[in-house]
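Peer 1: Mind having a look at this structure? Questions to follow.
A short reminder: the numbers here are calculations on the coordinates, not readings from a lab. Just so it is clear, the structure is predicted and the values come from calculations on it, not from any experiment. Cβ coordinates were reconstructed from backbone atoms using ideal geometry, including for glycine residues, and neighbour counts include every protein chain displayed.
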């Protein structure tokens, strides 16, 4: 047994506590990034963050972006309309082979008015060429997508307008399927046929029965477009993949351009992904105040955020102190478990030492020769 060998006990206890103390004292190397949004310079705050310690800090800047949507293919549409009005249906059908006049591609960019005009002209060209069946299919799609074709239809023949009215009545008279939409993760925007229908998932939609393009967008995740025929009630769950660094950076810039709050968990989690850091400290100005927020990917949440009339450095110092108190380990000498273990180890060593040096009671085994004593006296 260990207590029977005091020297071994002392050695084991001492080495074990030394190893445990050393492991506990070693902090993981934490990477952090200070991101200045807009005109807020992250440089001075990064230097201050390095003085506070707790992480290996770097600096970055992020500016808002408001990209212009792609222009509608007006020139191609005008050329298509001229060919139709000139009754040059062969040229009209040839022009429809151009990528610029791909109805799905135009709709994916959110240009619903241009898509409606394109489908009506396509149906008009098909009808003029004698393909009434194709004309009906194209006009049916106009009403399934809930586009507004009236202006374009007024420039076509009465026969085509009659067909369009028949298709519209058929779509309006058909039941609409109720579709429950969910995403993994939840909270995605849902865009159906180029139109925002749900600001966040889960949600339900009731589109006209037919072929639809469902697009999900979520900050920090790659967009996903699913083309499906929705003709009956169903529950649809779509999973999103994590965005690449380039896609995530573009999403952040666009979100700023749209006026998003940078201090939300989704925004800051995406920033941590983009900059490859465990901790993200964001700095920005709003309503005449300096604002700061800090996010820890290991904790999975925004640890602190503040706003004040002082400088960005002061706001950053406030959230940085709060993060240090929550996320960083307690110093070894201030940890109660350290002292409990130290006292326990000292007690064991004391017991082992006492066992090693205590006086021992010696036992002597004496043997005496057997002597017979006679009771007779000579």
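Peer 1: First measure r as the distance between the Cβ atoms of residue 180 and residue 211, then evaluate 1/(1 + (r/R0)^6) with R0 = 22 Å and state the FRET efficiency to the nearest 0.05.
Peer 2: 0.70
Peer 1: With the cut-off at 1.5 for a/c, could you classify region 179-239 from its C-alpha gyration tensor as rounded, prolate or oblate?
Peer 2: Taking the square roots of the gyration eigenvalues as a ≥ b ≥ c, region 179-239 is prolate.
Peer 1: Which residues in region 268-291 place their backbone N less than 14 Å from a point set 7 Å from the Cα of residue 56 along the Cα-to-Cβ direction?
Peer 2: Only 276-279 pass the distance filter.
Peer 1: Could you rank the peptides 54-61, 282-289, 228-235 by their average count of other C-beta atoms within 10 Å per residue, with the highest value first?
Peer 2: Working: 54-61: 18.1, 282-289: 16.5, 228-235: 13.1.
Ranking, from highest mean packing down: 54-61, 282-289, 228-235.
Peer 1: Using 0.36 nm per residue, how much length does the chain from residue 326 to residue 100 gain when fully extended, once their Cα-Cα distance is taken away?
Peer 2: 75.8 nm
Peer 1: Now for a separate question. Which whole-number percentage describes the relative contact order of region 74-172, with Cα contacts under 8 Å and a sequence gap of 6 or more?
Peer 2: Rounded, it is 23 percent for region 74-172.
Peer 1: What's the exposure ranking of 127, 212, 52, going from fewest to most Cβ atoms within 10 Å?
Peer 2: Lowest to highest Cβ neighbour count: 52, 212, 127.
Peer 1: Could you check the spin-label model distance between residue 113 and residue 68? Points 7 Å from the Cα along Cα→Cβ, value in nm.
Peer 2: It works out to 1.6 nm between the two label points.
Peer 1: Now for a separate question. Once both labels are modelled 7 Å past Cα along the beta-carbon direction, what's the residue 236-residue 258 spacing in nm?
Peer 2: Calculated label separation equals 2.0 nm.
Peer 1: Let me ask another. Label-point separation (nm) for residue 86 and residue 131, each offset 7 Å from Cα along Cα-to-Cβ?
Peer 2: 2.1
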